[in-house]
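The values are calculated or read from the model by the stated rules, or taken from the named source; none is laboratory data. For clarity, every value in this text was computed on a predicted model and none was experimentally measured. Here Cβ is always computed from backbone atoms with ideal geometry, including for glycine, and neighbour counts include all displayed protein chains. Ligands, DNA and RNA are excluded from the accessible area calculation, which covers all protein heavy atoms including side chains. Shrake-Rupley method; radii C 1.70, N 1.55, O 1.52, S 1.80 Å.
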Amino acid sequence: MNVSSKVLNTLRLKNPKLLLLDSCNSLSQLKIIHGYMIRTHIVFDIFSVSRLISLCSDPSLATFSLDYARKVFSQIETPNLFIYNALIKGFSSEDPIKSFHFYSELLRANIVPDNLSFPFLVRACSQLEAIDMGIQAHGQVIKHGFENDVYVQNSLVHMYSSCGDVKAANEVFQRMACSNVVSWTSMIAGFNKIGDVEMARELFDKMPERNLVTWSTMISGYAKNNCFDKAVELFQVLKEKGVKANETVMVSVISAYAHLGAIELGERAHDYIVKNNLSLNAILGTALVDMYARCGSIEKAIKVFNEMPEKDVLSWTAVIAGLAMHGYAERALWFFSEMVKSGLKPRDITFTYLLSACSHGGLVEKGLELFESMKKEYGIEPRLEHYGCVVDLLGRAGKLAEAEKFVLRMPVKPNAPVWGALLGACRIHKNAEIAERVGNILIPLLPEHSGYYVLLSNIYARTNRWENVETTRQMMKEKGVKKPPGYSLIELDGKVHKFTMGEKSHPEIEMIEQTWEEILRKIRLAGYTGNTSDAFFDIDEEEKESVLHRHSEKLAIAYGIMRTEAPTVIRIVKNLRVCEDCHHATKLISKVFGRELIMRDRNRFHHFREGSCSCMDYW
């Protein structure tokens, strides 16, 4: 065996076994030294064995190996409390159930647990989000008299918060004689988990002290609860306080910018990462790729991806997803091919985006081939979302009868999104017959979903079946279903502006409306006539047109033209699918005003240039 002279010399020191073990800086070296000791008949005392297991059970050390720790443990006749605690700690993150196994063995050995036994036993419950096991662990804490130990209390607050039982977490928190930043942060995380960001922020503001984990918890809480503007605002406060963000904080912040479509702010965040020498690891790099793609700059997304020092399957999937959203099906397929060549195995989410890319690109045969390959080549069982993608693929290509047969022959029961994909295809191809059949199945499945009523209503409207339109709308009223308000976002000079239909609260609304009237005048000269086919009621054409001219994206576009000059790209984010009238109007605006506009709607990206759209009117 190759054992360094330095390590061999350690054997001659006064306490050779502990010093020798501590000198190991890798698992392989630890195994070599352990084997050397056994072969040379060096007697292991309980302290040396305890230290050996501790080195194998600590995830932060290079010697970490739970398999080896378990192997060593199996050779010990009378394990002590230190050994059991080391194993409970080691397994609490990697294999939480095993922590309970070792705790049970500890009790069977008539060993009394101490305050170091419980924090990691409780953490195992947090990892599993197993509230019943957590309650049992809490009972053991009380039984052995450690309910007032601050470290145990912190672990209990964290466990209850992780399991979503904020009431129980708060009861422990309120009993703490000395609450600290750990317990406060756990409470904030708990309120974020149940969606009560207001209470989480109230605690955040009351905290006597905060650390970076606290800032990260609050910012990520806002981002995960779709309060993206709040996440952005709090990040600004963090910088003003002189706190340096880490990679975890930046992932949440960049996610917020991605959802807002705020590319200027996203670029500033990217600069912050570079200037502060943050590590562009796979998670942060993937967040940047996703942000640039979702903000409409797919080339920058690919540039970041190519510069990433480490890439995992989610990094590749983010690029594929971005290309799919932008309609670049062939490029998405190329990246998939390169990913497979690199030795990475695709995940189910990868195929979701691949099938979406094929759908938007009209690549029916390739999409069906990929769907078949999931199980045959990669051992991935298709999920309902994959079946939905195939329905969308066939439906968008006009193969409505084939799509309907595919749904009816699915080996699993189709859910609402699957039927919804078929209904959406009926809208594209104006097939009221199949739409009616689908609607009769779909609406009872998800009676509170406004989008399906709207789709069906629009299909009826296009075929002038106004009686059916009225019936559908009346059904919505009776069931109390309301269509969510449409809104559009535009970022200018690092500030995100939000517009809703008939927006009147914006400080520049009068000038925005004047600008829109001027835009309308010019595009009418280019042949624009309002497309009122998506109107819901049999109202007169003048009223329909008036409503269409107040759609949120038109106000956002007017503001963009008012505040910027060519060749600045106007970027719009819309929460709903762009209607046909707004799509047609935007194409004409790009031609008449010589501007490039990029719009992200609920389904995909639209790149408007010189009077045409990248979707080829297929969305």
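Select from the stretch 205-226 the residues that are open to solvent by 60 Å² or more (accessible area, probe 1.4 Å) and assigned to a helix (DSSP H, G or I) and write down the one among them that is nearest to residue 195 (Cα to Cα).
224
Could you list, in sequence order, all residues of the stretch 408-430 that are within 20 Å of residue 447 (Cβ to Cβ) and open to solvent by less than 20 Å² (accessible area, probe 1.4 Å)?
Selection gives 416, 418, 419, 420, 421, 422, 423, 424, 426, 427.
For the stretch 83-92, name all the residues that are of a type outside the set (Val, Ile, Thr) and closer than 18 Å to residue 152 by Cβ.
84, 85, 86, 89, 92
Does residue 543 fit the bill of being open to solvent by 40 Å² or more (accessible area, probe 1.4 Å), at pLDDT below 95 and in a helix (DSSP H, G or I)?
yes
Against the conditions (1) in contact with a Lys or Arg (Cβ under 6 Å, 6 or more places away or on another chain); (2) open to solvent by less than 20 Å² (accessible area, probe 1.4 Å); (3) under 24 Å from residue 345 (Cα atoms), where does residue 304 fall short? Just the number, please.
(1)
Within the stretch 559-573, identify whether any single residue is modelled with pLDDT under 90 and within 24 Å of residue 226 (Cα to Cα), and answer yes or no.
no
Is it the case that residue 578 is in contact with a strand residue (DSSP E or B) (Cβ under 9 Å, 6 or more places away or on another chain), β-branched (Val, Ile, Thr) and modelled with pLDDT under 95?
yes
How many residues does the stretch 348-376 hold that are open to solvent by 50 Å² or more (accessible area, probe 1.4 Å) and within 22 Å of residue 292 (Cα to Cα)?
Summing the residues that are open to solvent by 50 Å² or more (accessible area, probe 1.4 Å) and within 22 Å of residue 292 (Cα to Cα) in the stretch 348-376 gives 2.
Under 7 Å between Cβ atoms, which residue pairs at least 6 apart in sequence (or on different chains) link something in the stretch 481-504 that is acidic (Asp, Glu) with a partner that is buried (at least 17 other Cβ atoms within 10 Å of the Cβ) and in a loop (DSSP other than H, G, I, E, B)?
Partner pairs satisfying both residue conditions: 491/261; 491/262.
Which residue pairs have Cβ atoms under 9 Å apart, sit 6 or more places apart or on different chains, and have a first residue in the stretch 347-372 that is touching a residue at least 60 places away in the same chain (Cβ under 8 Å) and more than 20 Å from residue 604 (Cα to Cα) and a second that is open to solvent by less than 10 Å² (accessible area, probe 1.4 Å) and among the hydroxyl-bearing types (Ser, Thr, Tyr)?
Listed pairs, sorted by first residue: none to list.
When you scan the stretch 411-437, how many residues do you find that are among the basic types (Lys, Arg) and within 12 Å of residue 452 (Cβ to Cβ)?
Final tally of qualifying residues: 1.
Just wondering, is there one or more residues in the stretch 184-193 that are open to solvent by less than 50 Å² (accessible area, probe 1.4 Å), at pLDDT below 95 and either closer than 21 Å to residue 87 by Cα or not polar (S, T, N, Q) (or both)?
No, every residue in the stretch 184-193 fails to be open to solvent by less than 50 Å² (accessible area, probe 1.4 Å), at pLDDT below 95 and either closer than 21 Å to residue 87 by Cα or not polar (S, T, N, Q) (or both).
Residue by residue, here is whether (1) among the charged types (D, E, K, R); (2) more than 20 Å from residue 286 (Cα to Cα) holds:
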position: 224; (1), (2): yes, no
position: 230; (1), (2): yes, yes
position: 233; (1), (2): yes, yes
position: 242; (1), (2): no, yes
position: 246; (1), (2): no, no
position: 253; (1), (2): no, no
position: 257; (1), (2): no, no
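So residue 552 ticks every box in (1) at pLDDT 75 or above; (2) surrounded by fewer than 18 Cβ atoms within 10 Å (Cβ to Cβ) but one. Which box is left unticked?
(2)
Looking at residue 140, is it modelled with pLDDT of 95 or more and either in contact with a Ser or Thr (Cβ under 8 Å, 6 or more places away or on another chain) or on the phi < 0 side of the Ramachandran plot (or both)?
yes
State which residue is surrounded by the most Cβ atoms within 10 Å (Cβ to Cβ) when the search covers only the stretch 446-495 and only residues that are outside any loop (DSSP other than H, G, I, E, B) and in contact with a strand residue (DSSP E or B) (Cβ under 9 Å, 6 or more places away or on another chain).
Once the filter is applied, the top-ranked residue is 488.
Take residue 595 and tell me if it is farther than 24 Å from residue 397 by Cα, open to solvent by 60 Å² or more (accessible area, probe 1.4 Å), among the charged types (D, E, K, R) and at pLDDT 85 or above.
Considered against the rule, which asks whether it is farther than 24 Å from residue 397 by Cα, open to solvent by 60 Å² or more (accessible area, probe 1.4 Å), among the charged types (D, E, K, R) and at pLDDT 85 or above, residue 595 comes out as no.
Tell me, please, whether a residue that is in contact with a Leu (Cβ under 7 Å, 6 or more places away or on another chain) and surrounded by 15 or more Cβ atoms within 10 Å (Cβ to Cβ) can be found in the stretch 377-384.
no
Give me the helices (runs of 4 or more DSSP H) completely within the stretch 247-300, filtered to those with at least 1 residues that are open to solvent by 10 Å² or more (accessible area, probe 1.4 Å), of a type in the set (D, E, K, R) and within 18 Å of residue 236 (Cα to Cα), ordered by residue number.
Those helices (runs of 4 or more DSSP H) span 247-260, 263-275.
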